[in-house]
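The values are calculated or read from the model by the stated rules, or taken from the named source; none is laboratory data. Small disclaimer: the values here were computed from a predicted structure and weren't measured. In this analysis, Cβ positions are derived from the backbone assuming ideal geometry, glycine residues included, and neighbour counts consider all displayed protein chains. Side chains are part of the model used for accessible areas, which takes the heavy atoms of the whole protein and leaves out ligands, DNA and RNA. Shrake-Rupley method; radii C 1.70, N 1.55, O 1.52, S 1.80 Å.
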Amino acid sequence: MTRSIAGETILVPVQNRVGALDSIYTLNDIGTVIWKALEAPSDIGCIASAIADEYEVPTEIAAGDVAEFLERLELTGLICRTEA
Amino acid sequence: MEMERYKDFSLAFHDRVSANRIPVNGTIEVTRRCPLTCAHCYNNLAMDDSGARSSELTLDEHRRILDEITEAGCLWLLFTGGEIFARRDFLDIYAHAKRNGLLITLFTNGTLVTPRIADYLAEWMPFSVEITLYGRTRETYERLTGIPGSYDMCLRGIHLLKERGVPLKLKTVAVTINKHEIFDMVRFSKEELGLECKFDSMINPRIDCSQSPLAIRLKPEEIVEFDLQDAERIDAWKSFASKYTRPVQSVETAGELYHCGGGVNSFAIDPQGLLSICVLSQVDKFDLRQGGFREGWEHFLYKVRRQKKISTMTKCVDCQIKAMCGMCPANGELENGDPESPVDFLCQVAHMRAQAIGMRVPEHGACEYCEGGSGYAELKEAFDAMHRRSKMNPDVTKRYLPVASQSAGTGCGGGCASCGPK
Ligand code: SF4
């Protein structure tokens with residue numbers, strides 16, 4: 001889950017079997033919006049258009065950023081991809 | 001998304017929030033009841049103390065308070081006791097804190113840990129569990145705890161958690177009863193169990209004013225002898241002492257009474273829901289049964305922290321070795337009944353520590369333990385005798401003796417989470 005403290009968004013493991021906490025993830029503003037969007041199953045297109053609206057950037061650029069961010073989350077095991 | 005090493009994150013985050021007065025570090029004493037009767041303990045009560053039990057916060061009250069501290073920005077939460085597992089519903093309290101996204105440390109003596117508890121903690125991992133080991137041998141352990149069978153129960157608890165990969169550390173407290181087994185405990189923990197083992201030797205009077213724990217407190221020279229037996233420890237004190245210098249002050253400019261993180265970034269809540277600066281402080285408490293955490297933090301503790309000023313020009317005000325000393329208002333209250341009156345024992349330890357690292361103590365009022373003071377000759381004699389003894393011991397430099405706090409020199413080690421970064 002995320003905790004927002006002093007303007008920072010911190011990813012805190014809740015149910016985990018990882019033992020000692022060696023590293024911790026913090027999210028910037030856009031990362032926080034994306035993470036919130038992932039609370040319910042979602043896809044890159046929906047998230048990208050939400051980002052594009054909020055930050056007034058072209059949808060294709062937002063889609064690229066979202067895809068890159070999701071890839072990093074997936075690589076670190078924080079999310080998993082499902083088939084639509 | 002940034003990934004940071006936990007330690008770097010923690011230090012930087014504490015740095016960033018320290019200017020903002022956010023209660024990021026909390027301590028909740030869920031009970032003072034405990035199955036052990038350790039002679040050095042500052043707050044334990046009997047398991048069957050019905051008055052203590054009936055006055056404890058209920059599970060629902062805990063849930064409400066946990067929601068409130070989470071909302072206020074608490075990130076690191078320590079659950080301590082008494083013995084936390086003396087409460088049958090402790091895992092329910094813990095689960096709520098966990099779901100709120102708190103990074104939870106558990107202090108326990110390990111004796112009540114069952115396979116069910118260990119399984120639960122393995123599924124819902126805490127940030128850390130710290131078990132106190134009171135002796136390497138059954139005889140010593142049980143002499144201190146006063147309970148036959150407790151040594152085996154503690155070791156069982158350690159193994160149950162370790163087998164399941166729960167993040168576990170051991171620690172010990174050195175008193176007259178177990179001082180000869182400290183190194184054996186550290187060795188056992190590191191070499192046989194593969195666990196870090198921390199160490200502390202500062203003992204406080206009980207919070208009910210009894211001075212009974214002091215009967216088994218080590219002498220100042222014995223405490224400093226442990227310092228001298230570890231080169232790294234001495235280096236850490238040296239670097240810490242060199243960083244801590246302040247201009248000489250007067251009562252008017254001396255400022256706030258408290259100089260720790262209590263009331264700035266940390267707080268403590270006792271079993272009855274009384275909010276205070278730290279677990280040792282028994283004055284200035286806000287009843288969380290009568291008001292919310294936000295009110296207690298933003299108004300009550302704010303006033304305690306910011307409006308309580310130094311009123312007396314004691315030798316502590318300008319002391320340049322304060323960083324090596326456990327003296328704080330809570331210790332002053334507990335040992336002398338006065339937050340500002342210097343605790344003689346702590347003063348002796350600090351001055352010996354300064355001698356151990358070869359530091360000249362700058363003048364700071366009428367101090368008995370500085371050169372020319374009434375207690376100096378005796379202190380020096382005790383120090384020299386100890387130093388000779390420790391030099392004659394060929395084994396000492398090979399010994400490994402970690403300290404209780406991650407940053408050396410945070411002082412008292414009295415169970416208070418207010419002194420230093422986690
Ligand atoms: S060393 Fe003595 S004078 Fe200095 S802070 Fe400690 S008690 Fe006070």
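Summary of values
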{"read-out": "Residue-by-residue Karplus 3J(HN,Hα) for segment B:131-145, coefficients 6.51, -1.76, 1.60, Hz, glycine and proline x", "value": "9, 8, 9, 9, x, 7, 9, 4, 4, 5, 3, 7, 5, 7, 7"}
{"read-out": "For chain B, with +1 on Lys and Arg beta carbons and -1 on Asp and Glu, the positive-most of B:Asn44, B:Leu133, B:Ser10 along the dipole", "value": "B:Ser10"}
{"read-out": "Placed amide H near B:Leu103: partners under 5 Å, 5+ positions off or other chain", "value": "B:Trp76, B:Leu77"}
{"read-out": "Point-charge dipole on Cβ atoms (K/R +1, D/E -1) for the protein assembly as shown, about Cα centre, debye to 20", "value": "1340"}
{"read-out": "Reachable lysines from B:Lys198, criterion Cα separation under 16 angstrom, eight or more residues apart if same chain", "value": "B:Lys169, B:Lys171, B:Lys179, B:Lys190, B:Lys422"}
{"read-out": "Cα-only Debye scattering, segment A:2-75: base-10 log of I(q)/I(0) at q = 0.15 Å⁻¹", "value": "-0.56"}
{"read-out": "Qualifying lysines (Cα of each under 25 Å from Cα of B:Lys315; at least 8 residues distant if same chain)", "value": "B:Lys219, B:Lys238, B:Lys243, B:Lys380"}
{"read-out": "Chain pair A, B: total accessible area buried, heavy atoms, 1.4 Å probe, Å²", "value": "2400"}
{"read-out": "Number of partner chain Cβ atoms within 10 Å, mean per residue of B:163-171", "value": "2"}
{"read-out": "Those trypsin sites (Lys or Arg not before Pro) in segment B:340-396 that DSSP places in a loop and that have at most 12 other beta carbons within 10 Å", "value": "B:Arg360"}
{"read-out": "Charge sum, other residues only, whose C-beta stays under 12 Å from B:Gln307's C-beta, Lys/Arg counted +1 and Asp/Glu -1", "value": "+3"}
{"read-out": "Cα-based Rg and Dmax for the protein assembly as shown, where Dmax is the largest Cα-Cα distance (Å)", "value": "24.5, 82"}
{"read-out": "Contact order relative to length of segment B:7-301, as percent, for alpha carbon pairs under 8 angstrom and 6 or more apart", "value": "22"}
{"read-out": "Per DSSP, loop trypsin sites (Lys or Arg not before Pro) in segment B:1-109 with at most 11 further Cβ within 10 Å", "value": "B:Arg88"}
{"read-out": "Long-range amide H partners of B:Val129 with built H, under 5 Å", "value": "B:Leu106, B:Leu168, B:Lys169"}
{"read-out": "Quotient of C-alpha Rg and 2.2 N^0.38 Å, computed over segment B:7-301", "value": "1.03"}
{"read-out": "Inter-chain Cβ neighbour average for residues A:3-14, partner chain, 10 Å", "value": "6"}
{"read-out": "Dipole moment magnitude, nearest 20 debye, chain A about Cα centre, only Lys, Arg, Asp, Glu C-beta charged", "value": "480"}
{"read-out": "Cα-projected label distance for B:Tyr376 with A:Glu60, points at 7 Å along beta-carbon direction, nm", "value": "8.1"}
{"read-out": "Under Karplus coefficients 6.51, -1.76 and 1.60, residue-wise ³J(HN,Hα) of segment B:329-340 in Hz, glycine/proline x", "value": "x, 5, 5, x, 4, 5, 8, 10, x, 8, x, 9"}
{"read-out": "Rounded to 5, the percent of DSSP beta bridges in chain B classed as antiparallel", "value": "15"}
{"read-out": "Chain A - percent of accessible surface contributed by carbon and sulfur, probe 1.4 Å", "value": "53"}
{"read-out": "Inter-site label distance for B:Glu192 and B:Asp338 at 7 Å from Cα along Cβ, in nm", "value": "4.8"}
{"read-out": "Whole-number percent relative contact order across segment B:161-284, with pairs defined as alpha carbons under 8 Å at least 6 apart", "value": "15"}
{"read-out": "Per-residue [θ]222 nm for chain B (sum of -39500 (n - 2.57) over DSSP H runs n ≥ 4, rounded to 500)", "value": "-10500 deg cm²/dmol"}
{"read-out": "Per-pair calculated FRET efficiency, R0 = 45 Å: B:Lys303 and B:Ala231 via Cβ, rounded to 0.05", "value": "0.50"}
{"read-out": "Sites matching GluC sites (Glu not before Pro) across chain A that sit in DSSP coil, with at most 10 neighbouring C-beta atoms within 10 Å", "value": "A:Glu39, A:Glu56, A:Glu83"}
{"read-out": "Rel. contact order, % - alpha carbon contacts under 8 angstrom, at least six apart, segment A:2-75", "value": "20"}
